[in-house]
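Have a look at the structure below, then the notes.
Readers should treat all values here as calculations from the given coordinates under stated rules, not as data from a laboratory. Not measured: the values here are computed from a predicted model. Positions of Cβ are backbone-derived with ideal geometry, glycine not excepted, and every protein chain shown enters the neighbour counts.
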Amino acid sequence: MLLLCPFVRSGREGGWAVFHDGENHFLAGGEAMFEVVQNDLLAPNLHRMVVKAPRVATARKAGQFVIVRADREAERIPLTIGDADVSEGTITLFVQAIGASTRKIVEAAAGEVLQDVAGPLGRPTEIENWGRVACVGGGVGTAVLFPLAKALAELGNEVTTIIGGRSEPYIILADELASFSSDLRITTEDGSLGRKGFVTAELADQMGDPERCPQAVFAVGPVPMMRAVVELTRPQGIKTMVSLNPIMIDGTGMCGGCRVLVDGEVKFACVDGPEFDGHQVDFVSLADRLTMYRDVEEKCRIGR
Ligand code: NAD
Ligand code: FES
């Protein structure tokens, strides 16, 4: 039974009445909304948000994502489901505030609500017991890597994790990843934490050591990073999965916005991915499509 919530929101929701039934928030008329339970700043402009979404929490698998809208006017933003707590009915999202719509999402404080959290979407990660697996995360991509690495470890893989960032404040989830990784290596470009340089230097060292060489590699981060990882593993034929983040709109295979070329074929990252065999991905066309709207993106970038 719906109970009248003690507040009637104004401003962002434009004066919509919000109701609460003890589990979910609803707009007048029965449309579900999603309460933010926790919102922490993890790194510059990067928030960890715990959001009440019981059905998504129950149904989701590692590698899947949701599409979030902060309010009725906001853009639809695809966000990887970082973690879920079925008993609490919550999911964890990592949100980098870079433009107007992502900023609206991170501005929702604990107790406030998000308009839509649609999902789970995308294909789950194909988790196998590979033996020794290297999980490589670049910058914000580490947040997307986290659920994959956790699921791989839970299935009994020996997970060695390599994470990198520009400098110490950009290294995220190190303790969380260390809790299930057999080895965690950190790189920073300025040497402020861990090894100075890129994640690929650390991976190259592991691959050169027969005792540590991985049977499979999972890489998530900026396109140049994933491309560099793929070129590193290609000569040895080491299975390498990458998680792609092309522009997405509907997230259901209808708009074609997220198309990528994989093994010469057009695939839609939202329904065929987001993970693909990195050795088959056309990174040149991916990079081109990601820069298509750069002018517009620059106009809504935070700090301008
Ligand atoms: P960044 O540019 O600071 O790079 C992070 C780390 O990635 C670097 O420290 C380095 O270790 C590695 N790296 C970067 N370029 C490399 C190269 N050419 N060779 C080898 N290693 C390299 O990353 P950021 O600013 O935190 O990330 C932003 C980018 O990540 C955006 O382009 C965003 O679209 C992308 N991203 C991708 C995903 C995904 O699912 N693939 C998820 C989130 C963000
Ligand atoms: Fe529209 Fe994938 S986001 S087809």
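Specify the residue that is surrounded by the fewest Cβ atoms within 10 Å (Cβ to Cβ); the eligible residues are those in the stretch 114-136 that are hydrophobic (A, V, I, L, M, F, W, C) and not in a strand (DSSP E or B).
Taking the stretch 114-136 first, the residues hydrophobic (A, V, I, L, M, F, W, C) are 114, 117-118, 121, 127, 130, 133-136.
Narrowing the set further to residues that are not in a strand (DSSP E or B) leaves 127, 130.
Values: Ile127: 17, Trp130: 20.
The extreme case among them is Ile127.
Could you tell me whether any residue of the stretch 147-165 is within 30 Å of Thr252 (Cβ to Cβ), buried (at least 23 other Cβ atoms within 10 Å of the Cβ), hydrophobic (A, V, I, L, M, F, W, C) and in contact with a helix residue (DSSP H, G or I) (Cβ under 8 Å, 6 or more places away or on another chain)?
For the stretch 147-165, residues within 30 Å of Thr252 (Cβ to Cβ), buried (at least 23 other Cβ atoms within 10 Å of the Cβ), hydrophobic (A, V, I, L, M, F, W, C) and in contact with a helix residue (DSSP H, G or I) (Cβ under 8 Å, 6 or more places away or on another chain): present.
Could you pull out every one of the strands (runs of 3 or more DSSP E) wholly within the stretch 175-254 that has 1 or more residues that are within 16 Å of ligand 2 (Cβ to nearest atom) and touching an Asp or Glu at 6+ places or on another chain (Cβ under 8 Å)?
Details: elements: 183-188, 216-220, 239-243.
Where strands (runs of 3 or more DSSP E) fall fully within the stretch 175-254 and carry at least 1 residues being within 16 Å of ligand 2 (Cβ to nearest atom) and touching an Asp or Glu at 6+ places or on another chain (Cβ under 8 Å), they are 239-243.
Being on the phi > 0 side of the Ramachandran plot and within 16 Å of ligand 1 (Cβ to nearest atom) is the filter; apply it to the stretch 84-124 and report the residue that is nearest to the chain's Cα centre (by Cα). Quick ask: steps written out before the conclusion?
Taking the stretch 84-124 as the starting set, the residues that turn out to be on the phi > 0 side of the Ramachandran plot are 89, 111, 119, 122.
Cutting the leftovers down to within 16 Å of ligand 1 (Cβ to nearest atom) gives us 119, 122.
Details: Gly119: 14, Gly122: 12 Å.
Ranking the qualifying residues of the stretch 84-124, first place goes to Gly122.
Here are some conditions: (1) free of Cβ contacts under 8 Å to residues at least 40 places away in the same chain; (2) surrounded by fewer than 18 Cβ atoms within 10 Å (Cβ to Cβ); (3) touching a strand residue (DSSP E or B) at 6+ places or on another chain (Cβ under 6 Å). Lys239 meets all but one. Which one does it not meet?
Here Lys239 clears every test but (1).
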